[in-house]
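This report concerns only the one structure given below.
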Amino acid sequence: MLDTDDRRLIINISDVGPLGNNAQTEILRHPVQYVEMLENEVNKHARNKNTKFSQSALTASFHIGFTGAFGSNVVSPRDLNTTLLNQMVCLEGIVTKTSLILRSVHYCPAGQHKYYYKDYVDMLSASENVAPTSSAIPLTNPTQDALEFEFGYSSYVNVQTITVQEMPERAPFGQLPRSVDIMLDHDLVDHVKPGDRVRVFGVFKAIAPSASLLGGSFRTIITANNIEVINANTEGLVIDSKTISQMRNLARNKNVFDILAASVAPSIRGHELIKKALVLQMIGGKEHNLDNGIHLRGDINILLVGDPSCGKSQLLRFVLNTMPIAVNTTGRGSSGVGLTAAVVKDQETGERKLEAGAMVLADKGIVCIDEFDKMSEADRVAIHEVMEQQTVTIAKAGIHCSLNARCSVLAAANPVYGQYDVTKRPQENVGLPDSLLSRFDLLFIVRDEIDPEKDRDIASHVLQMHRYVRPGHENLPEAGGEEDEEEKVDNGEMYVKGSERKKKGQMPQLTTTFLRKYLDFAKSKNTELTDEAIKYLVAEYAELRQKSDNRTLPITARLLETMIRLSTAHAKLRLSAKVELSDCKVAMELVNFALYHDAQPQKVEKKKPVEEKEVTFSDEEEVQSKKVKVNEPEAEAEMGPEEEEMEMEVEETAREVSDDVYSAVRGAVSKLYVSTRSDVLTEEEIEKELSKQFKLEKPEIAFCLSRMVDDNQILKDGNNYYRI
């Protein structure tokens, strides 16, 4: 301790066993009787030891701190009660407030020809026989002579008060987290900052307020003798060799991404790509701190915008319960300072304190913000710095500091008009500025579409969850399910019991505990980009920048970083040390789905004509025979000349498109009627607009217009189309 110039000796409570059978218990039960004695012995031994330090250094006081296993005295702020008063406890929590460092006067000599010393005993004293004295400076001596305060001979001690709150993920549902004040002195001051998760060792005391010493209400504090900053990522997760072996076997499975996605919010049917994105968000990319001080975040931010009753809040709730560090908040119940940090005034002392917000408390975790569209514009601007630089800078009331807020953001919002309007652009439905949207890596539009097959599947899934099962019996497989013979292996606690008896083609469901362990294990992996992956990402980014399609997010340089983060997260998911081309392709699949979902799917651009080859025959019948489909030879053989000519005409004039493309085209046509302020449009005007927006060919446009006529959306009269 003397060699390292430390002034605090940390003792493991387990090492005091040789002092006596009940030495450990006695120190925990009656710390005031032993701490002062141990500190005196340490100071005596340090001063008698021959060292190279000067006399001034040796005259400094030394202190005792404890650590180790405290058994039943390991508590949270909620567990503190009167039975633990005057006992040494180990408290775990998160720092929410820190005060400025104050100087406490302990010895005050004053006078003209004589010096009078007054010993000040405050709440930090370890003695139980001496009551705290008044902090007032004496103005007269016993003979009523005036005294003057002598600053030079006074001794001062650094004192700081911090507030430790119960960890949000450990607070009971529906109850507010509790907190307790911690008194720090000497070398413990400025040891922690707001947002740190700490383990505090100290004595739990009750102190009467100075204004009402005779009252029956007492304030409780903990006088700390040791404080440790803990890493919450590994708290409560025990990964043994068997689990690691199961993880590596799962990582070698080609369907590992699908299995993990199927285990995310299994009560919600569908949304496969959104669940895959949530898996990558919980794993995260790679954080970079460059030599020039620039910080490149590795956390992934996702925004879900869609119609009500689509399961957005349930997805947020699952992520909140799965991540080790997660803070939940809502747009209506949050403010800008509540999400970042605030400078508050202590009601008792009047001093300024720095109070951490939700994003600072979720450092190295995730923040789930529901009803994101209900936030005011000023509050949304406050989180711009957090979402990109991942810091919170405060410059208020004479306090200037920067706090870490390295967290992912998962937000859910409703469209501007309550329901998603297909006749309007995605940016008009979202209603958020581009400066905020560009900070989200992925924006998913969740629509409640009417699809009989999809609705039947969702209804069957909901009824399956509500099916009554007697206690002691397994849940029945879904109707029509075929058991996969390959999944009959014994996987221990890896899969949910009964989930392997699934329909053919469906993925088994992992247990929540194993899913947490796998995500935490994959998050700790380090990956590097390969040259092949870099070239692919550069080419894809350049192609996206050239497109002027109707998209949900602005394509900026931040999108390139998004592609890198998603590729890195998928490589971590495979427990691979290198980001390969396959990881980049998965990332681009998610990016394309987020950019062009319900606006312009990538399949539209990649769709090729049925016949692109040019043939030159003199006989017209031979030309027609070359253009006829050959995938049904028997049906073609039975066609007559007139039927063959009709089939050829349909093939040339109309080409079927997907329902998503048709919905987008229908919205574009409706918007065209509104913009032109006319109830009639020519076929050339419609083709020109659709070709410009969606790059559709004439057969595809003809199919969409014909379907709109059948759906009574428009009326065709020659070359004109009238709006109904």
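Observations on the structure shown:
- Each label was represented as a point 7 Å from its Cα along the Cα-to-Cβ direction; for Glu687 and Arg723 these points are 2.2 nm apart.
- Proximity of backbone amide H atoms, modeled 1.01 Å from N, is registered between Val446 and Val305, Gly306, Asp307 at under 5 Å, excluding neighbours fewer than 5 places apart on the same chain.
- Summed side-chain charge close to Leu320 - residues other than Leu320 whose Cβ falls under 14 Å, Lys, Arg +1, Asp, Glu -1: +2
- Listed values for the stretch 558-565 are Karplus-derived 3J(HN,Hα) couplings in whole Hz (6.51 cos²θ - 1.76 cosθ + 1.60, θ = phi - 60°), namely 5, 5, 5, 5, 4, 4, 5, 5, and x replaces Gly and Pro.
- Taking θ as phi - 60° and the Karplus parameters 6.51, -1.76 and 1.60, the scalar couplings of the stretch 377-384 work out to 5, 5, 6, 5, 5, 5, 9, 4 Hz in sequence order, x denoting glycine and proline.
- One decimal place: the segment Thr82-Glu272 gains 63.2 nm when fully extended, by the rule 0.36 nm per residue minus the C-alpha distance.
- For the peptides 571-582, 428-439, the ranking by packing is 571-582, 428-439, with the highest mean count of neighbouring Cβ atoms within 10 Å listed first.
- Using a Förster distance of 41 Å, the FRET efficiency for Glu543-Asn289 (Cβ separation, nearest 0.05): 0.85
- Efficiency of FRET from Cβ geometry, Val496 and Ser335, R₀ 45 Å, rounded to 0.05: 0.65
- Full-stretch length increase - Glu377, Asp258 - with 0.36 nm per residue and alpha-carbon distance subtracted: 39.1 nm
- Sequence-distant residues sharing a close amide H with Ala341 (under 5 Å, placed H): Gly357
- The Kirkwood hydrodynamic radius of the stretch 659-723, based on inverse pair distances between different Cα atoms, is 11.6 Å.
- Two-site label geometry, Asp434 and Met37: point separation in nm, points 7 Å out along Cα→Cβ: 7.4 nm
- Per-residue Karplus couplings for the stretch 293-309, computed as 6.51 cos²θ - 1.76 cosθ + 1.60 with θ equal to phi - 60°, are listed in order as x, 7, 10, 10, 6, x, 7, 10, 9, 10, 10, 10, 10, x, 5, x, 6 Hz, Gly and Pro entered as x.
Read the figures in this text as sums done on the coordinates, not as results from a lab. Everything numeric here is computed off the predicted structure, so don't read it as measured data. Heads up, the Cβs are rebuilt from the backbone with ideal geometry, glycines too, and the neighbour counts pull from every protein chain shown.
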